[in-house]
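I have placed the structure first, in the form of structure tokens, so that the comments after it can refer back to it.
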Amino acid sequence: MPTVDVSPDELRRLTGHDEKDDEELKDDMFALGLEYEGETEDGDMQLEFAPDRLDRLSIEGVARSLRYQYGDDRGIYTPKPNDPDWTIAVDESVPDERPYVTGAIARGVNLSEEALDSLIQLQEKLHATMGRKRAKGAIGIHDLTMLKGSSATEEGGNSIEYVGVESDGDRFVPLDADAEMTPDEVLRTHPTGEKYADLVSEYERYPAIYDDLGLFSFPPVINGRRTEVTTDSRDLFIELTGTDQWTIDKMCTIICYALDARGATIEEVEVEYDDHTLVRPDLEVTTKSVTHERIETLLGIDFTPDEVLDLLARSGLSGEASEEGDSVVYEVEIPPYRVDVLHPVDIVDDIGRAYGFNDLSPRYPDVGTVGGRHERSQLEDAAREVLVGLGFEDLLNFHMISEEENFSRMRVEPETDAGAETDVVGGGTPAAIKNPYSEDFTMLRTWALPSLMMVLENNTHRSYPQDLAEIGLAAQVDESENTGVAEHRTVAGVLARHDASYEDAKARLQAIVRNFDADLETPPTEHPTFISGRAADVVIDGETVGVIGEIHPEVLVDHDLELPVAGFEFRLDALE
């Protein structure tokens, strides 16, 4: 989950609540869904938050949410931007792979050291999440006073150009450098260029942004040193390029709100494409509808319409109530920085948080049945107890994963024919997210062993042996299912030690199966994740339900593991 470093003193200043001590701030932020994870060496709080609330990637966004919670602010706030004086002209030479650009200007911003650090953190956090490590969207922030725009129109104004350039084209001095370089030299010799070279190395022409003095930005790689932002900068030019207009527009909006909180005046920028012109930043307010009945049903509380409207205002939203037949419907306005509100349920969640989830009173449901544990849950607990008894450490990993972790790093090729049967455990067609916020979580995992290997990779500094196990969800596309996705619970375990072997893993697997009075067979098989000749199918009561073996050296090396690892995985329902 993303984390943000927040100075408690700066947070008190931005919220206007100097009387709050650190513990009170932690409690208040926890009510917002921000969990305290520890402190940095400088004494800043490290906060973990749900990745959908990207407006809280900066201390300014956190402070805004707290001010709404405290009742200091109410309803929607939208900055009132000045009319555009600058234009970004998009040239036809721009690479087809990165055709979109947007921007804004912030004037009169007070950039203290804390404000500049927060701006840099927000930029990098947006890159890592919504921008997919700059692949989908990249941000450049420049000192406006160091730019010289060409004449945009006969009436005046300033213009810069977004163009495509040759790899050995114009030279410029990039950040953290003293000599001029071509774009190709930046990718080959500059540390930042080497890090992000893969994003543009296959382009025929590289994206670049020019003013009247020459090249000053090489997106998505690096800015020029000429326009570097410092604490002395007061007017900022913000430009974003990417593969999707909506994504970079929303990233730009979040940055503008953060700078507005620092006293900046936002100024619009015109973006001129061949066939249309946009005025940015996009500060349009959207609306969604939700019924009074749905709010009460989901939260289990009786509200009056006035109470709902009050809670909406305390959430940073605005609403109007109207009667439609026997029900009350709320037309709710959503501020432009809220990229997470996709469904009426998201509005109900905001109302619940403003009311206080801790203030909800539990009650028995109005049904004539007696609750009890589901048979699957009982089976899962029994299997988990056996695993712990065998010395495994029980884990709970994310069900979401990246295709690289699930397939490539495990030497597994995914099935490309949706719903087709595959003989390779973990090789099913993945249920992928169409527009993920992060490259680290793009699909539901098809098996659990990759998750365990990632834990081993992150714990090479810990002592061995490390015996890890997990019982969790796995899924793959199956068009025969009503949802189009087949889900199942899976049992996975790994043994990492200097003498780990197939026999060790099988001994533990045999003990697990024996505890459930089932028969185990392990006929030899081939699986790309395991060493050839040291792998077998897991056959329980005559049905092939998994795989067991010694992890292939290539997989170990890719996960920075220097000890052998043996592992197994099988379907939980095979133990029924």
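For the stretch 262-288, a residue qualifies if it is surrounded by fewer than 14 Cβ atoms within 10 Å (Cβ to Cβ) and in contact with a helix residue (DSSP H, G or I) (Cβ under 7 Å, 6 or more places away or on another chain), but none of them does.
I'd like the full set of residues that are open to solvent by 30 Å² or more (accessible area, probe 1.4 Å), in contact with a strand residue (DSSP E or B) (Cβ under 7 Å, 6 or more places away or on another chain) and part of a helix (DSSP H, G or I), limited to the stretch 1-29. Correct list: Lys26 only.
All of Ser501, Ser480, Ser463 fail the test of being open to solvent by less than 40 Å² (accessible area, probe 1.4 Å) and of a type outside the set (A, V, I, L, M), apart from Ser501.
Within the stretch 311-344, the set of residues being under 32 Å from the mean Cα position of the chain (by Cα), open to solvent by 50 Å² or more (accessible area, probe 1.4 Å) and over 17 Å from Phe357 (Cβ atoms) comprises Glu331, Glu333, Leu342, His343. Thr87 is checked against (1) outside the structural domain of Leu240 (by the TED database); (2) under 25 Å from Glu268 (Cβ atoms) and fails just one. What number does that condition carry? Exception for Thr87: condition (1).
Being of a type in the set (Val, Ile, Thr) and in contact with a Pro (Cβ under 8 Å, 6 or more places away or on another chain): is that true of Val94 here? So Val94 passes the test.
Let's see how each residue does on (1) surrounded by fewer than 22 Cβ atoms within 10 Å (Cβ to Cβ); (2) over 26 Å from the mean Cα position of the chain (by Cα); (3) more than 28 Å from Ile266 (Cα to Cα); (4) of a type in the set (Ser, Thr, Tyr):
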site: Tyr162; (1), (2), (3), (4): no, yes, no, yes
site: Ala177; (1), (2), (3), (4): yes, yes, yes, no
site: Asp184; (1), (2), (3), (4): yes, yes, yes, no
site: Pro207; (1), (2), (3), (4): no, no, no, no
site: Thr227; (1), (2), (3), (4): no, yes, no, yes
site: Thr231; (1), (2), (3), (4): yes, yes, no, yes
site: Thr241; (1), (2), (3), (4): no, no, no, yes
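Checked against the criterion of being among the charged types (D, E, K, R) and either at pLDDT 95 or above or in contact with a helix residue (DSSP H, G or I) (Cβ under 7 Å, 6 or more places away or on another chain) (or both), the candidates Asp178, Asp168 yield just one match: Asp168.
Can you find a residue in the stretch 147-160 that is within 30 Å of Pro436 (Cα to Cα), touching a residue at least 24 places away in the same chain (Cβ under 8 Å) and in contact with a helix residue (DSSP H, G or I) (Cβ under 9 Å, 6 or more places away or on another chain)? Checked against the condition, which is being within 30 Å of Pro436 (Cα to Cα), touching a residue at least 24 places away in the same chain (Cβ under 8 Å) and in contact with a helix residue (DSSP H, G or I) (Cβ under 9 Å, 6 or more places away or on another chain), the stretch 147-160 yields no hits at all. Just to verify a result, which residue in the stretch 430-456, among those that are surrounded by fewer than 22 Cβ atoms within 10 Å (Cβ to Cβ) and among the hydroxyl-bearing types (Ser, Thr, Tyr), is modelled with the lowest pLDDT? Among those that are surrounded by fewer than 22 Cβ atoms within 10 Å (Cβ to Cβ) and among the hydroxyl-bearing types (Ser, Thr, Tyr), it is Tyr437. Could you check the stretch 217-243 and list, in sequence order, the residues that are more than 19 Å from Thr182 (Cβ to Cβ) and part of a loop (DSSP other than H, G, I, E, B)? Result: Glu228, Val229, Thr230, Thr231, Asp232, Ser233, Arg234, Asp235, Thr243. Condition check for Ile255 on (1) open to solvent by less than 30 Å² (accessible area, probe 1.4 Å); (2) within 30 Å of Asn358 (Cβ to Cβ); (3) assigned by the TED database to the domain that holds Arg134: one failure, at (2).
Could you count how many residues in the stretch 362-399 are open to solvent by 40 Å² or more (accessible area, probe 1.4 Å), modelled with pLDDT of 80 or more and in a loop (DSSP other than H, G, I, E, B)? So the answer is 9. Among the residues of the stretch 538-552, those identified as open to solvent by 20 Å² or more (accessible area, probe 1.4 Å) and closer than 17 Å to Met410 by Cβ are Glu550, His552. Name the residue that is nearest to the chain's Cα centre (by Cα), counting only residues in the stretch 423-478 that are charged (D, E, K, R) and under 17 Å from Ile548 (Cα atoms). Looking at the filtered set, the residue picked out is Glu470.
The values are calculated or read from the model by the stated rules, or taken from the named source; none is laboratory data. Note that the coordinates shown come from a computational prediction; the quantities given were computed from them, not determined experimentally. FYI the Cβ positions are ideal-geometry reconstructions off the backbone, even for glycines, and counts take in every protein chain you see. Protein only, heavy atoms only, side chains kept; ligands, DNA and RNA dropped before computing areas. Shrake-Rupley method; radii C 1.70, N 1.55, O 1.52, S 1.80 Å.
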